[in-house]
Amino acid sequence: MNKFLDSIINRDPAAKSKLSLILTYPGVKAVFFHKIANFFCVAKFDLIARIISQFSRFLTGIEIHPKAKIGKNLFIDHGMGVVIGETSEIGDNVTIYHMVTLGGISPSIDSNHQRNLKRHPTLKDNVVVGSGAQILGPVTIGKNAKIGANAVVTKDVPENAVMVGIPAKNVGSVVSDEKFTPYGIAPGSNIKLD
């Protein structure tokens with residue numbers, strides 16, 4: 001738990017203390033409740049898992065399906081309106097801002113056929129997803145990639161890519177993953193535009 005909270009303090013200049021993170025950050029609460037819901041889901045108590053995830057959604061405004069696979073140190077900043085679908089997979093040290101959807105592309109078409117298929121995105125380690133971005137379908141977002149605010153991603157994204165627009169296009173690359181740059185292009189950032 002300490003490493004998780006430290007990882008948030010390292011990525012958020014507004015984070016003042018671990019106690020404030022626990023008491024006031026909806027993303028911290030959502031990840032905590034997801035761990036509990038996922039435990040019950042794995043144990044095949046699906047209804048209990050869904051009730052826990054819906055309670056978490058009510059408290060935080062963040063919806064994470066109990067079956068979603070989440071790595072270490074996921075930071076959901078602000079959080080309101082984030083939706084993480086059932087077959088989503090999230091690597092370590094990923095940052096997601098508010099109003100992001102990790103969703104499917106055709107949930108109402110032949111639902112029975114889709115029940116055991118991968119329908120949602122995979123985010124590799126150290127990905128940053130800007131506010132309002134929509135990542136749709138069983139796409140893979142490569143390690144260290146940055147997805148710009150309001151981008152719509154429907155195709156795989158290579159490692160270290162910087163994606164912006166609708167539909168999202170690769171406009172640059174992350175030069176190094178050593179320095180966390182949450183807000184994209186800024187003086188001294190680790191992003192090189194093409």
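The values are calculated or read from the model by the stated rules, or taken from the named source; none is laboratory data. This structure is a prediction, so every number in the text was calculated from the model and none was measured. Cβ sites come from the backbone with ideal geometry, for glycine too, and all protein chains shown count toward neighbours. Areas reflect the complete protein model, heavy atoms only, side chains present, ligands, DNA and RNA absent. Shrake-Rupley method; radii C 1.70, N 1.55, O 1.52, S 1.80 Å.
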### Task
Could you grab me the full set of residues in region 10-50 that are modelled with pLDDT of 90 or more, aliphatic (A, V, I, L, M) and surrounded by 14 or more Cβ atoms within 10 Å (Cβ to Cβ)?
L21, V28, A30, V31, I36, A37, I48, A49
### Query
List pairs: first in region 1-26 and of a type in the set (S, T, N, Q), second open to solvent by less than 40 Å² (accessible area, probe 1.4 Å), Cβ under 8 Å, 6+ apart or cross-chain?
S7/N73; S7/F75
### Task
Out of S111, S173, S88, report the one residue that is at pLDDT below 90 and in contact with a strand residue (DSSP E or B) (Cβ under 8 Å, 6 or more places away or on another chain).
S173
#### Entry: Any pair with Cβ under 7 angstrom, 6 or more apart, that starts in region 76-88 at a residue that is without any contact (Cβ under 8 Å) to a residue 40 or more places away in the chain and ends at one that is among the basic types (K, R)
G85/R119; E86/K67
### Query
Out of curiosity, is K67 of a type in the set (K, R), over 29 Å from E159 (Cβ atoms) and either free of Cβ contacts under 8 Å to residues at least 12 places away in the same chain or surrounded by 14 or more Cβ atoms within 10 Å (Cβ to Cβ) (or both)?
no
### Query
Quick one: which of N116, N112, N73 is of a type in the set (S, T, N, Q) and open to solvent by less than 60 Å² (accessible area, probe 1.4 Å)?
N73
### Message
Being closer than 20 Å to T101 by Cβ, touching a strand residue (DSSP E or B) at 6+ places or on another chain (Cβ under 6 Å) and at pLDDT below 95 is the filter here; which residues of region 137-146 pass it?
### Response
A145, K146
